[in-house]
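The structure appears right after this line, and notes come after that.
The values are calculated or read from the model by the stated rules, or taken from the named source; none is laboratory data. The structure presented is a predicted model; accordingly, all values stated were derived computationally and were not measured. Don't worry about glycine lacking a Cβ; one is built from the backbone with ideal geometry, like all the others, and counts go over all protein chains shown. Heavy atoms of the whole protein, side chains included, go into the accessibility calculation; ligands, DNA and RNA do not. Shrake-Rupley method; radii C 1.70, N 1.55, O 1.52, S 1.80 Å.
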Amino acid sequence: MQDPAQWFGGAPRVMFVHAHPDDESISTGGTLAALASAGREPLLVTLTRGERGEVVPGPFAHLAGTDALAPHRQAELAAALFMLGVERHAFLGVEPARAEGLTPVIYEDSGMVWGADGRAEAAADATADALTRAPAVEALNDLLAAAHGAGARAVVSYDTGGGYGHPDHVFAHRLARAVAHALGLPFWEIVSDPSALNSAQGDPAVETHDISPWFDRKVAALRSHVTQLTVEDDEMVHVGGQRERIERSEAFRLCPSPAASSEPSE
């Protein structure tokens, strides 16, 4: 499907919910750039500022574990969104992604550890201000305010496992899907695993976007996140040294609403 105006069922405005700066470019950068270029004005809500992220070895390594990392990653995100052409962005807890009448709040990165199975797990030392320790109703109302205020007509976020298991990604899925259900909006989960992407071919619930015309924008956005990854030819090298191919397609699966999936069959 080549016309971005027809993506996500032709929804005039799509809200993307991501956990940390850089997530938006890695898994949805091409789609965001395409929607923006088509005048669809996508909204990106970032839940944290990536305060506990690791840092790529090099000139910014000294930022790891310091209070200076968060504002640096905010600047990286601003540069990435400029490259993608995305103008509508908010951090959860701050207007316009803050429930009416509440003072602004910062939801912090919850941190993670790598489990024995190679997937991320919750860190035992998450702070009191961590996203995953925030009152769920408060965070939910913040995201509801963002979706309602932006006139969102569809919501995109991670799958139930958060892509690779990071607790903030799992929280993002739950929050985004709950908001979609509350507002009666379609919820699309990101198909990020290459093997899952291949098996999704032919699935009527999956949209695969050819983002080749916007590939250069995606790469430019990825290069903006200099503390988190390095771009080498057609690959990105993550902070932990993992290599990942920069794909020219991005896929999304339309999920049934909880009400529909719970209805008994006749």
Of the accessible area of the chain, computed with a 1.4 Å probe and all protein chains kept, carbon and sulfur make up a percent value of 53 percent
Tell me, in nm to one decimal, what length is gained between Leu254 and Gln74 on full extension, where the rule is 0.36 nm per residue of separation less the Cα-Cα distance? 61.8 nm
Quote the charge dipole size of region 1-150 about the Cα centre in Debye, to the nearest 20; the model charges only the Cβ of Lys and Arg (+1) and of Asp and Glu (-1). 320 debye
Taking the mean number of other Cβ atoms within 10 Å as a proxy for protection, how do you rank 216-222, 59-65, 183-189 from highest to lowest? 216-222, 183-189, 59-65
Under a Cβ-only charge scheme (Lys and Arg +1, Asp and Glu -1), can you give me the dipole magnitude of the chain about the Cα centre, in debye to the nearest 20? 420 debye
Alpha-carbon gyration tensor eigenvalues x 5, square-rooted, for the chain, Å: 26, 23, 19
For the chain, what relative contact order do you get, as a whole percent, if you take Cα pairs closer than 8 Å and at least 6 residues apart? 24 percent
Helix-only mean residue ellipticity at 222 nm for the chain, each DSSP H run of n ≥ 4 adding -39500 (n - 2.57), per residue, nearest 500: -10000 deg cm²/dmol
Hz values of 3J(HN,Hα) by residue in region 48-57 - Karplus curve (6.51, -1.76, 1.60), Gly and Pro given as x: 9, 9, x, 4, 9, x, 6, 10, 4, x
Taking 7 Å along the Cα-to-C-beta vector as the label spot, tell me the Asp193-Asp125 distance in nanometres, rounded to one decimal. 3.0 nm
Which residues qualify? For Gln228, with a placed amide H closer than 5 Å and at least 5 residues away or on another chain, they are Val56
What do you get when you divide the Cα radius of gyration of region 109-191 by 2.2 N^0.38 Å, with N the number of residues? 1.15
Under a 5 Å amide H to amide H cut-off, with H placed in plane at 1.01 Å, what residues pair with His89 once short-range neighbours are removed? Leu44
Of Gly115, Tyr164, Phe82, whose Cα points farthest to the positive end of the dipole of the chain (charges on the beta-carbon: +1 Lys, Arg; -1 Asp, Glu; origin at the Cα centre)? Phe82
For Asp159, Asp233, Asp109, what's the largest-to-smallest order of accessible area, 1.4 Å probe? Asp233, Asp159, Asp109
